[in-house]
Amino acid sequence: MKMENININSPLKKQSKEKLVIVGVSTTAIQVFDFIKFYDLYEVIGFAVNSAYKKDVEFQGLPVYALETLREDCPDCDYKLFVAVQWNHLNRDRRILYEYCKTHGFDMANIISPTAIVRCPINTDNLYIDDNVVIMNGVELGNDCYFKASSICGPNVKISDHCFLGVKSMIGGGSSIGEQRFVGLNATIFDCTEIGKKCLIGACAVVKRNMPDFSKCATSSSDMVIKQYGENEIEEKLVASKNVR
């Protein structure tokens, strides 16, 4: 029987994927799991949690391991870990798990959407970079950071470890972002702004000046003005001919 040569670059040849264990069994872990499956990024072989939180032996149809005994329970698998925890306690919960994994010598993965645009080197790990994220040239990326969908980092921004950028948030070029910092959805940080460590920037907030460590900037709901109109009257509040500049 004649054997045919197969081009190693041919799509007919199945490429094996790296194996991955997701740390966490929360809704975030489900979101990360679904994201990985959608883009076929890794072969997820199971989930892991601290033994005190191990309530079930299976999650999403895969085994759940105790993080403390993961190597003993899964000794022959060549895998990486990814901590699927978002911003709880100002990213502290994720930081603690990440540091535990690194201290115990585990290799950490990055989860990066094929639709993201990243123009800087990636020399860090446990990054989650969601759909349509833009990270421009000259950005310094920290470890263990989450960039949610459509967030933007301008050029030459410095992002420290354990940070979180919410959906459609924006960091202007030349800014410096301290570790374990949270930026809410649709928030904006102006160019060349310094944000200290463990700062909280609320949703839709606009930051125009530097923030010291352990500070918060949020838009108060009391500043919102809500006025109710009649059904026909409200339709007249948005008329093109009345909005010409």
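The values are calculated or read from the model by the stated rules, or taken from the named source; none is laboratory data. In this text, all values refer to a predicted model and were calculated from it rather than measured experimentally. Here Cβ is always computed from backbone atoms with ideal geometry, including for glycine, and neighbour counts include all displayed protein chains. The accessibility values were calculated without ligands, DNA or RNA, using every heavy atom of the protein model including side chains. Shrake-Rupley method; radii C 1.70, N 1.55, O 1.52, S 1.80 Å.
The table below gives the values:
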quantity	calculated
Selected from 77, 153, 163 as most flexible by GNM, with the chain as the system and alpha-carbon contacts under 10 Å	77
Dipole in debye (nearest 20) - the stretch 125-191, about Cα centre, beta carbon charges: Lys, Arg +1; Asp, Glu -1	240
Antiparallel DSSP beta bridges within the stretch 49-171, as percent of all bridges there, nearest 5	10
HN-Hα J in Hz across the stretch 86-98 - Karplus 6.51, -1.76, 1.60, θ = phi - 60°, x for Gly and Pro	9, 10, 4, 6, 6, 6, 5, 4, 5, 4, 4, 5, 4
Choice from 47, 35, 164 with maximal GNM fluctuation in the chain (Cα, 10 Å cutoff)	35
Sequence-distant residues sharing a close amide H with residue 139 (under 5 Å, placed H)	156, 157
Cα lying deepest toward the dipole's positive end in the chain, options 126, 210, 35, charges on Cβ	210
Which listed pairs, of 19/148; 168/208; 17/158; 102/168; 55/198, have C-alpha distances above 21 Å, in listed order	19/148; 17/158; 102/168; 55/198
Percentage relative contact order, the chain, counting C-alpha pairs under 8 Å, at least six apart	10
Alpha carbon centroid spacing (whole Å) that separates the stretch 150-188 from the stretch 17-95	26
On Cα atoms only, tilt of 27-39 relative to the major axis of the chain in degrees	70
Point-charge dipole on Cβ atoms (K/R +1, D/E -1) for the stretch 40-197, about Cα centre, debye to 20	620
Distance histogram in 5 Å bins (all Cα pairs of the stretch 26-98, percent per bin)	3, 14, 25, 28, 20, 9, 1, 0
Label-reachable residues, the stretch 143-178, where backbone N falls under 13 Å from a point 7 Å from residue 186's Cα toward its Cβ	167-170
Fraction of antiparallel bridges per DSSP, the chain only, in percent to nearest 5	5
Built amide H within the under 5 Å cut-off of residue 112, gap 5+	129
Dipole axis of the chain (+1 Lys, Arg; -1 Asp, Glu on Cβ), positive-most option in 66, 186, 96	186
Listed peptides 208-216, 108-116, 187-195 by packing density, highest first (mean Cβ within 10 Å)	187-195, 108-116, 208-216
Positive-pole candidate from 46, 155, 77, dipole of the chain, charges at beta carbon	155
Computed FRET value (nearest 0.05) for residue 30 with residue 76, which takes r as the C-beta separation and R₀ as 35 Å	0.85
Normalised alpha carbon radius of gyration of the stretch 82-226 [divisor 2.2 N^0.38 Å]	1.00
Share of carbon and sulfur in the accessible heavy-atom surface of the chain [1.4 Å probe, %]	51
Rough spin-label spacing in nm, given labels placed 7 Å along Cα→Cβ, for residue 39 and residue 19	2.3
